[in-house]
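Working notes, beginning with the structure itself.
The values are calculated or read from the model by the stated rules, or taken from the named source; none is laboratory data. On a predicted model such as this, the values are computed, not experimentally measured, just so you know. Reconstructed Cβ throughout: ideal geometry from the backbone, glycine too, with neighbour counts over all protein chains shown. With ligands, DNA and RNA removed, areas are computed over all heavy atoms of the protein, side chains included. Shrake-Rupley method; radii C 1.70, N 1.55, O 1.52, S 1.80 Å.
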Amino acid sequence: MQFPSPVSVTWIAEFINAKLLGNSTGNATGINEIHKVEKGDLVFVDHPKYYDKCINSAASFIIINKEAAIPEGKALLVVDNPFEAYCKIVNYFRPFEPATKSISNSAVIGEGSFIYPNTFIGNHVSIGKNCIIHPNVTIMDHCIIGDNVIIQSATVIGSDAFYYNTKKNREVWYKKMPSCGRVIIEDDVEIGAGCTIDRGVSHDTIIGKGTKMDNMIHIGHDTVTGKNCLIAAQVGIAGVVTLEDGVTLWGQVGVNKTLTIGTNAVIYAQSGVGKDTAGNKVYFGSPIEDAKEKMKELVWIKRIPELWEKVMGK
């Protein structure tokens, strides 16, 4: 999430009651979680496993629960509970804003767009020109819809990320991280019925221009699809996934978190993607393999009874 304007790190330190170490004259431009940080961002870390990764990431300001060596130009904000400090900042800059009507007064809807009855459009939503939004669609706060977009019935755009701070030394193990990111749907996208697209935790979930989605698809937080992707029914994509341009996912493909599927890759139905995948190839299986090789393997598996009989001399 980008702040409305740069925020002094000294103000942030005072706001969260942090000990400020390092660069005390800097200004934070936004707040992000570790997978999406950029220069000027504020990030938090509360586990030793990730200290080095956060401190040496692109982030300029790190909320942390331990003093550590500080790279030049960066600042540490030391607090007892970095997660609670992160939540306090997010809730200050992106507070809960109740909805009082089906289409918010702050929503902007472009010329030629048609909104069916029983659709909910939240606060500060932007919808472009010549869109068709079918009945019972929900578009949550701050989401951006481009031009010539079609969204079929019962789809939810901008639901909260499935993302929790986990500590098993407390009564409630999983504490929700407030989702302050957005969903951005680019021009000429079509989204089927009953789909769910989660907003980013602190960055954006993006559906690239010209992408077409079938029914009952789930897109996790901070996932980015390229242009002209094709996604069939019942695909599930976890958080922080990148689909490069022209990727095709056939029905019931499952995609694990924080990976990239390369340009023009094709994944056959009911496959499981568990690692980065090169482009311009066809894949099948769970875990996926080159489709031709996997088909050969299945042929040999089918012949196992016959080969066993030969081995046993029957």
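Report the number of Lys pairs in region 62-151 whose alpha-carbons are under 28 Å apart, with separation of 8 or more residues or on distinct chains. List each step's numbers first, then the result.
On the way: 66/74; 66/88; 74/88; 88/101; 101/129.
Eligible lysine pairs with Cα atoms under 28 Å apart amount to 5.
Taking every DSSP beta bridge that has both residues in region 232-287, what percent is antiparallel when rounded to the nearest 5?
0 percent
Which of the peptides 196-209, 167-180 is most tightly packed, and how do the rest follow, judged by the mean count of other Cβ atoms within 10 Å per residue? Can you show the working numbers first?
Values: 196-209: 24.8, 167-180: 13.1.
Listed from highest to lowest mean packing, they are 196-209, 167-180.
Pulled fully out, how much extra length does the chain show between residue 269 and residue 24, if you take 0.36 nm times their separation in residues and subtract their Cα-Cα distance?
My answer for the length gained is 82.9 nm.
Between residue 179 and residues 5 or more places away or on another chain, which pairs have amide H atoms under 5 Å apart, with H built 1.01 Å from N, and which residues are they?
Sorted by chain and number, the residues that satisfy this are 161.
What part of the accessible area of region 212-314, given as a whole %, is carbon or sulfur when the probe is 1.4 angstrom?
C and S fraction of accessible area: 57 percent.
By how many degrees, between 0 and 90 and to the nearest 10, does the Cα long axis of helix 291-302 differ from the longest principal axis of the chain?
50 degrees
Let a ≥ b ≥ c be the square roots of the eigenvalues of the Cα gyration tensor of region 127-269; is it rounded (a/c under 1.5), or, if not, prolate (a/b larger than b/c) or oblate?
The shape class here is oblate.
What are the aspartates and glutamates whose alpha-carbon lies under 17 Å from the alpha-carbon of residue 175, with same-chain residues fewer than 8 places away excluded?
Hits, sequence-local ones excluded: 33, 46, 80, 84, 160.
Which of the peptides 237-246, 43-52, 98-107 is most tightly packed, and how do the rest follow, judged by the mean count of other Cβ atoms within 10 Å per residue?
Ranked from most to least packed, the peptides come out as 237-246, 43-52, 98-107.
Greater than 32 Å separation of Cα atoms is the criterion. Which listed pairs, 39/281; 209/281; 212/275; 212/294; 36/281, meet it?
Table pairs above 32 Å Cα-Cα are 39/281.
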